[in-house]
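Participant: Below you will find the structure I want to go over with you.
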Amino acid sequence: MLEKLNEIEKTALQSLKSITDAAALEAWRVANLGRSSALMAVFSEFGKLSKEEKPVVGAAANRVKVKLEAEFESQSQAVKNAALAKSLAEEKLDVTLPGRTKFIGRLHPSTQQLRRVLDILAEMGFQVYTSREVETDEYNFQLLNFPPDHPARDMQDTFFIKTDVETDNPMLMRTHTSPGQIHAMRQFAKTNPQDPPPIRIALPGMCFRYEQITARSEVQFNQVEGLAVGKNITFADLKGTIADFVRRMFGEGARLRFRASYFPFTEPSAEVDVECFVCGGKGCQVCKNSGWLEILGCGMVHPVVLQNGGYDPKIYSGFAWGMGPERQLMLRNKINDIRYFWGNDVRFLEQF
Ligand code: DAH
C-alpha cells in the first residue's frame, strides 16, 4: 500500500510540473484529487486494512493528499503568473514612441501678410478703414475719374452683378480698394464740411476681377490702399512714405525706384519697383532679367477725386497708393503660381 501511495505521488507530481494552462490544471485536479482518482481509491479501501496497517497507511495517504493539494495550489499560482506576465509583455505600453502632434490651424498666408502690412502702416500713423466689397459703378469707376466708356476701364475687367433699380447704377464686385477713398473722404468731410480734417488711412480688402485664372492672374486678391489728404501734401511726402514702408517691409538696404505711369484717379502717377531680392539686381528669372520687381501703383490724388470726396482741390492735396499682399508674398517666397492662394491645399498653406 505504501509503495502504491509513493507511486501515486511520484506520477502525479511529475505530470503536474509540465502543466502550463488552466484547463490542463483542472483536468489534473479531477484525475489526481477527484472522487475517482487512485488516491481516493486508497481511502475507500481503508476499511480492508489490518489494525496495524491502518495508522501507517492513513498517515501516509493524508500526507500525499496534503502534498498534492499544496503542489496543485502552487502550480495554479505559477500558471496564473505566467499568463499575466505574457499578457503584460504583449500589451506593453511603449512610452518611448514619439507622441502624435495635433493638427494646429493657422492664419492664411494672405491674412498674415495683410497684417504685416497693416502693422507697419499703423506704426507710420495710418489708421485702418474698411469698406464694402460690393460696389456701384459710380464708386468703383465714375467718382474715381473713370468716365463711362473710358478706355482705362479695360485695365480692370469687372464682375457686374445687377443694376440697382433705385439709382439705375450698375452694381459690381469692387475691382480695387480705391472706391474706399471716396467713402472715407466723404465720411471725414461730413464731420466738418467747411474745413474737412486731414486723413491718413489704410484700406485693406478683397478685390475681384473677371479674368481667366492662370498662374499670374486670379479672380480674387487682396489690396492695401493708402490715402493721405491734407494741406500742403506733396509728391515728396509720397516718396518718403513709400520709401519708409519699403525699408520696413523688405529691409533697411532695400533699393527702390519710381517709374512714371498712368491711373485715372492720380496725377501725376507712378509705379514703384524694388530691387529684386532674389538676384540682388543682377537679373534673374523672377525679375525677368530687369533687376527690379514692381510692387505698387501710386500718385497724387487727382483734383476731380478730391472734389468728389468733398475736399476742395484748391486747398487740399493728397497722395494714394495701392499694393497687393499676395504679390509681395509671391516675390518674397518665389511662389510661381498665384492659384496656390485659393487652392486650399494644406501642403502649401502649412509652409507659412
Ligand atoms: N487701384 C489700382 C489698381 O488696382 C492701384 C492703385 C494705383 C491705387 C495708384 C492707387 C494709386 O491708390 O494711387 O490697379
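The values are calculated or read from the model by the stated rules, or taken from the named source; none is laboratory data. The model shown is predicted, which means the values in this text are computed figures rather than measured ones. Don't worry about glycine lacking a Cβ; one is built from the backbone with ideal geometry, like all the others, and counts go over all protein chains shown. Keep in mind that these areas ignore ligands, DNA and RNA; they rest on the heavy atoms of the full protein, side chains included. Shrake-Rupley method; radii C 1.70, N 1.55, O 1.52, S 1.80 Å.
Participant: In sequence order, what are the phi-derived ³J(HN,Hα) couplings for the stretch 48-63 according to the Karplus relation 6.51 cos²θ - 1.76 cosθ + 1.60 with θ = phi - 60°, rounded to whole Hz, with x for glycine and proline?
Facilitator: 6, 7, 6, 4, 6, 5, 3, x, 5, 5, x, 4, 5, 4, 4, 4
Participant: Keeping all protein chains in place, calculate the accessible area per residue for the stretch 2-90 (probe 1.4 angstrom), answer in Å².
Facilitator: It amounts to 66 Å² per residue over the stretch 2-90.
Participant: For the stretch 163-266, what class follows from the C-alpha gyration tensor (a ≥ b ≥ c being the square roots of its eigenvalues): rounded when a/c is under 1.5, otherwise prolate if a/b is larger than b/c, else oblate?
Facilitator: Taking the square roots of the gyration eigenvalues as a ≥ b ≥ c, the stretch 163-266 is oblate.
Participant: Check cross-link reach from LYS65 to the lysines: straight Cα distance under 22 Å, and skip same-chain residues fewer than eight apart.
Facilitator: By straight Cα distance, LYS65 reaches LYS4, LYS10, LYS17, LYS48, LYS51, LYS54.
Participant: No other cysteine beta carbon under 4.7 Å away is the test; run it over the chain and list who passes.
Facilitator: Flagged as lacking a Cys partner: CYS207, CYS298.
Participant: Moving on. Any idea of the accessible area per residue across the stretch 157-261, 1.4 Å probe, to the nearest Å²?
Facilitator: Per-residue value: 51 Å².
Participant: For the chain, with a Gaussian network of springs between Cα atoms less than 10 Å apart, report the residue from SER269, SER44, SER110 with the top mean-square fluctuation.
Facilitator: Result: SER44 has the largest fluctuation of those listed.
Participant: Taking the 0 to 90 degree range and rounding to the nearest ten, how far is the long axis of helix 235-250 tilted relative to the main principal axis of the chain, both from C-alpha atoms?
Facilitator: 20
Participant: Taking θ as phi - 60°, what are the ³J(HN,Hα) couplings along the stretch 123-134 by the Karplus curve (6.51, -1.76, 1.60), each to the nearest whole Hz, with x for Gly and Pro?
Facilitator: 4, 8, x, 9, 8, 7, 10, 9, 9, 5, 8, 8
Participant: GNM, the chain, Cα, under 10 Å: largest mean-square fluctuation among VAL246, VAL30, VAL272?
Facilitator: Among VAL246, VAL30, VAL272, the largest GNM mean-square fluctuation belongs to VAL30.
Participant: Quick check on the chain: helices-only [θ] at 222 nm, where DSSP H runs of length 4 and up contribute -39,500 (n - 2.57) each and the sum goes over total residues. Nearest 500, please.
Facilitator: When only DSSP H runs of four or more count, the value is -12500 deg cm²/dmol.
Participant: Mind jotting down the distance between the C-alpha centroids of the stretch 208-273 and the stretch 65-143, whole Å?
Facilitator: For the stretch 65-143 versus the stretch 208-273, the Cα centre distance is 41 Å.
Participant: Within the stretch 115-200, what whole-number % of the accessible surface is contributed by carbon and sulfur, with the 1.4 Å probe and all protein chains included in the calculation?
Facilitator: 48
Participant: Work out the count of Lys pairs in the stretch 204-352 where the Cα-Cα distance is under 26 Å, with the pair 8 or more places apart or on different chains.
Facilitator: The number of close lysine pairs in the stretch 204-352 is 7.
Participant: Which is the longest stretch in the chain that no exposed loop site breaks, taking sites as trypsin sites (Lys or Arg not before Pro) with a DSSP loop state and at most 15 other Cβ atoms within 10 Å?
Facilitator: In the chain, the maximal stretch lacking such sites is 133-215.
Participant: Using alpha carbons only, how many degrees (0 to 90, rounded to 10) separate the axis of helix 179-191 from the longest principal axis of the chain?
Facilitator: 70
Participant: Then there's this: Within 10 Å of each candidate Cβ there may be at most 13 other Cβ atoms; applying that plus a DSSP loop requirement, which GluC sites (Glu not before Pro) in the stretch 186-260 survive?
Facilitator: Answer in residue order: GLU252.
Participant: A follow-up question, please. Relative to the longest principal axis of the chain, what angle (0 to 90°, nearest 10) does the C-alpha long axis of helix 22-33 take?
Facilitator: Roughly 10 degrees between the two axes.
Participant: Could you calculate the contour length gain from VAL56 to ASP195, that is, 0.36 nm times the residue separation minus the distance between their Cα atoms, to one decimal place in nm?
Facilitator: 37.0 nm is the gain from fully extending VAL56 to ASP195.
Participant: Could you please state how large a percent of the accessible area of the stretch 2-90 is carbon and sulfur, counting protein chains only and using a 1.4 Å probe?
Facilitator: The value for the stretch 2-90 is 58 percent carbon and sulfur by accessible area.
Participant: Considering the chain as a Gaussian network with a 10 Å cut-off on Cα pairs, which listed residue, TRP28, TRP342, TRP321, attains the greatest mean-square fluctuation?
Facilitator: Per the Cα network of the chain with a 10 Å cutoff, TRP28 tops the list.
Participant: Right, next: Relative contact order of the chain, please, whole-number percent, based on alpha carbon pairs below 8 angstrom and at least 6 residues apart.
Facilitator: Rounded, it is 14 percent for the chain.
Participant: So how strong a dipole does the stretch 178-257 carry about its Cα centre when Lys and Arg Cβ are +1 and Asp and Glu Cβ are -1, to the nearest 20 debye?
Facilitator: Charge dipole, the stretch 178-257, about its Cα centre: 140 debye, nearest 20.
Participant: Further question: Hey, what do the phi angles of the stretch 295-304 turn into as Karplus ³J(HN,Hα) couplings, whole Hz, using 6.51/-1.76/1.60 and θ = phi - 60°, x for Gly and Pro?
Facilitator: Per residue, the Karplus-derived 3J(HN,Hα) values read 10, 6, x, 7, x, 8, 4, 4, x, 4 Hz.
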